1. Based on what the data block shows, is residue 217 assigned to a loop (DSSP other than H, G, I, E, B) and either among the charged types (D, E, K, R) or more than 30 Å from residue 265 (Cβ to Cβ) (or both)?
2. Take the conditions touching a residue at least 60 places away in the same chain (Cβ under 8 Å) and closer than 19 Å to residue 118 by Cα and apply them to residue 242. Does it pass?
3. Please go through the range 95-127 and give me each residue that is more than 10 Å from the ligand (Cβ to nearest atom), surrounded by fewer than 24 Cβ atoms within 10 Å (Cβ to Cβ) and among the polar types (S, T, N, Q), ordered by number.
4. In the range 133-161, which residues are in a helix (DSSP H, G or I) and within 16 Å of the ligand (Cβ to nearest atom)?
5. Do the conditions hold for residue 192, that is, is it within 11 Å of the ligand (Cβ to nearest atom), modelled with pLDDT of 95 or more and either touching a Gly at 6+ places or on another chain (Cβ under 8 Å) or part of a helix (DSSP H, G or I) (or both)?
6. Taking residue 222 as meeting all but one of (1) away from the ligand (no atom under 14 Å from the Cβ); (2) outside any helix (DSSP H, G or I); (3) closer than 30 Å to residue 291 by Cβ, write down the number of the exception.
7. Here are some conditions: (1) within 16 Å of the ligand (Cβ to nearest atom); (2) out of contact with any strand residue (DSSP E or B) (no Cβ under 7 Å at 6 or more places or on another chain); (3) under 30 Å from residue 90 (Cα atoms); (4) not hydroxyl-bearing (Ser, Thr, Tyr). Residue 204 meets all but one. Which one does it not meet?
8. Give the residues of the range 26-49 that are among the polar types (S, T, N, Q) and in a helix (DSSP H, G or I), sorted by residue number.
Amino acid sequence: MTNMLKLSLAAVAAFGMSANAGTLQNVQKAGELKCGITTGLAGFAEVGSDKKWRGLDVDMCRAVAAAALGDASKVKYVPLTAKERFTALQSGEIDLLARNTTWTQSRDTTLGVNFAGVNYYDGQGFLVNKSLGVNSAKQLDGASVCITSGTTTELTLADYFKENGMKFRPVTYDTAAQVRKGFEAGRCDLITSDASQLYSIRTQLANPKDYKVLPEIISKEPLGPLVRQGDDQWFNITKWSLNALITAEEFGVTSANADDLAANSKVTEIKKLLGVEGTLGKNLGLDAKWSYNIVKQVGNYSESFERNVGPNTTLGISRGLNALWKDGGILYSPPFR
Ligand SMILES: N[C@@H](CCC(=O)N[C@@H](CS)C(=O)NCC(=O)O)C(=O)O
């Protein structure tokens with residue numbers, strides 16, 4: 001054993017440090033955050049006409065880059081299929097996975113990953129052609145179903161049909177684009193996926209009005225960012241970057257008024273969020289402006305939601321469960337103090 005190795009093993013033993021530690025330092029050294037996203041899904045991660053990635057998940061990547069690097073634009077986006085995503089994180093190809101990934105017990109406990117929170121509460125639904133004449137998922141016995149492999153969607157679909165004494169034929173693909181094309185080509189009667197993704201896929205069908213989403217939502221799909229296990233500092237940075245987006249909304253701090261509030265607000269939590277008081281940045285190993293940079297450059301959660309998936313976008317999704325706890329939803333950040 002080399003002396004160096006002996007030394008680092010001693011450090012692991014003495015300080016509980018892990019071989020996976022040092023993500024922040026690696027990101028800062030590289031000058032960019034490697035962030036895993038979808039291969040393309042309107043509202044969550046897609047390339048705009050300006051050739052830039054945008055979406056709710058892209059904003060999660062940008063928020064962490066703003067916190068860690070002071071610059072939300074310093075992100076290297078790594079498009080990943082559902083099947084590829086966990087290996088990419090485990091192997092170190094990416095520093096953060098923000099790819100509409102459902103937080104489940106099995107994933108949290110067996111893949112060597114840590115979910116840092118939820119940036120979109122979703123649930124699985126069904127999209128059918130209106131000409132199929134179906135009004136309820138209970139009428140889908142014998143249907144062929146287009147689906148993405150390597151997802152919770154696959155498992156929940158099988159459970160749901162079994163529980164309801166129905167049969168189905170799966171038609172599996174690797175990407176959302178392939179699912180949509182398969183559906184359009186008539187390879188299946190319906191698509192099932194997270195409901196947000198059904199709205200996203202529907203916007204890209206030739207005649208969106210010919211299709212409808214059935215009323216049944218058959219699962220809970222809390223989607224959130226995740227990191228490798230073994231680096232608590234990086235885990236905290238990701239968790240608190242998401243919390244910064246939510247807290248900023250709660251306190252009415254926006255990209256437009258952040259400077260004014262930093263100079264003039266008398267509210268302690270706003271001052272701490274904007275780094276003009278307290279040691280919250282230092283606690284994370286970041287500078288005092290980490291969360292000011294998030295709000296200034298990315299906006300608060302509401303700004304991101306409205307810009308990417310909200311009622312004035314082609315997806316037209318209302319806040320629902322994704323409203324703040326004080327507005328009837330379940331988004332809730334622990335306090336910034
Ligand atoms: N939330 C589910 C499903 C995630 C998923 O990958 N859904 C497909 C549905 S179409 C998707 O987003 N694909 C995007 C892509 O192909 O890159 C999970 O974590 O397993």
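The values are calculated or read from the model by the stated rules, or taken from the named source; none is laboratory data. Remember, predicted model here, so these are calculated numbers, not experimental data. Cβ placement follows ideal geometry from the backbone for every residue including glycine, while neighbour counts extend to all protein chains displayed.
1. yes
2. yes
3. 105, 106, 109, 110, 114
4. If the condition is that a residue be in a helix (DSSP H, G or I) and within 16 Å of the ligand (Cβ to nearest atom), then 152, 153, 154, 155, 156, 157, 158, 159, 160 are the ones that fit.
5. For residue 192, the condition - within 11 Å of the ligand (Cβ to nearest atom), modelled with pLDDT of 95 or more and either touching a Gly at 6+ places or on another chain (Cβ under 8 Å) or part of a helix (DSSP H, G or I) (or both) - is met.
6. (1)
7. Tallying (1) within 16 Å of the ligand (Cβ to nearest atom); (2) out of contact with any strand residue (DSSP E or B) (no Cβ under 7 Å at 6 or more places or on another chain); (3) under 30 Å from residue 90 (Cα atoms); (4) not hydroxyl-bearing (Ser, Thr, Tyr), residue 204 fails exactly one: (3).
8. Taking the range 26-49 as the starting set, the residues that turn out to be among the polar types (S, T, N, Q) are 26, 28, 38-39, 49.
Selection gives 26, 28.
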